[in-house]
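The values are calculated or read from the model by the stated rules, or taken from the named source; none is laboratory data. Owing to the predicted nature of the structure, the values given are computational and were not obtained by experimental measurement. Here the Cβ positions follow ideal geometry from the backbone for every residue, glycine too, while neighbour counts run over all protein chains shown.
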Amino acid sequence: MGALDHSPTPWRADKEIVEDANGWAVADCEFIGYTTVASENAALICRAVNCHADLLAALKRVTDRTPVDYATYQEAMEQARAAIKKAEAE
């Protein structure tokens, strides 16, 4: 999957509807019988999509097998922590 194989980010949740950066609906999280969590599901989808690139970049950097010095390792860990914080944001 390439960089342009999905709707543009950032995505946002408008109640149970997930919209892309252009305001187009990309998902409807309202399920019959499960409407009490539809908004939460939409918000979770948005957080996952919007932090995907950051998480992927951080994981690639942390798991890179190239020997690095301690400072570079610390930078990679900070990048990973920042990506985790973004993913956990409400």
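Taking Ala80 as the residue in question, decide whether it is in contact (Cβ under 8 Å) with a residue 24 or more places away in the chain, small (Gly, Ala, Ser), closer than 25 Å to Asp5 by Cα and surrounded by 12 or more Cβ atoms within 10 Å (Cβ to Cβ).
Working: in contact (Cβ under 8 Å) with a residue 24 or more places away in the chain: no; small (Gly, Ala, Ser): yes; closer than 25 Å to Asp5 by Cα: yes; surrounded by 12 or more Cβ atoms within 10 Å (Cβ to Cβ): yes.
So Ala80 fails the test.
Do we have Arg47 as surrounded by 12 or more Cβ atoms within 10 Å (Cβ to Cβ), touching a residue at least 40 places away in the same chain (Cβ under 8 Å) and not hydrophobic (A, V, I, L, M, F, W, C) here? Yes. In region 8-83, counting only strands (runs of 3 or more DSSP E) that sit wholly within it, the ones holding 2 or more residues that are modelled with pLDDT of 90 or more and of a type in the set (Val, Ile, Thr) span 17-19.
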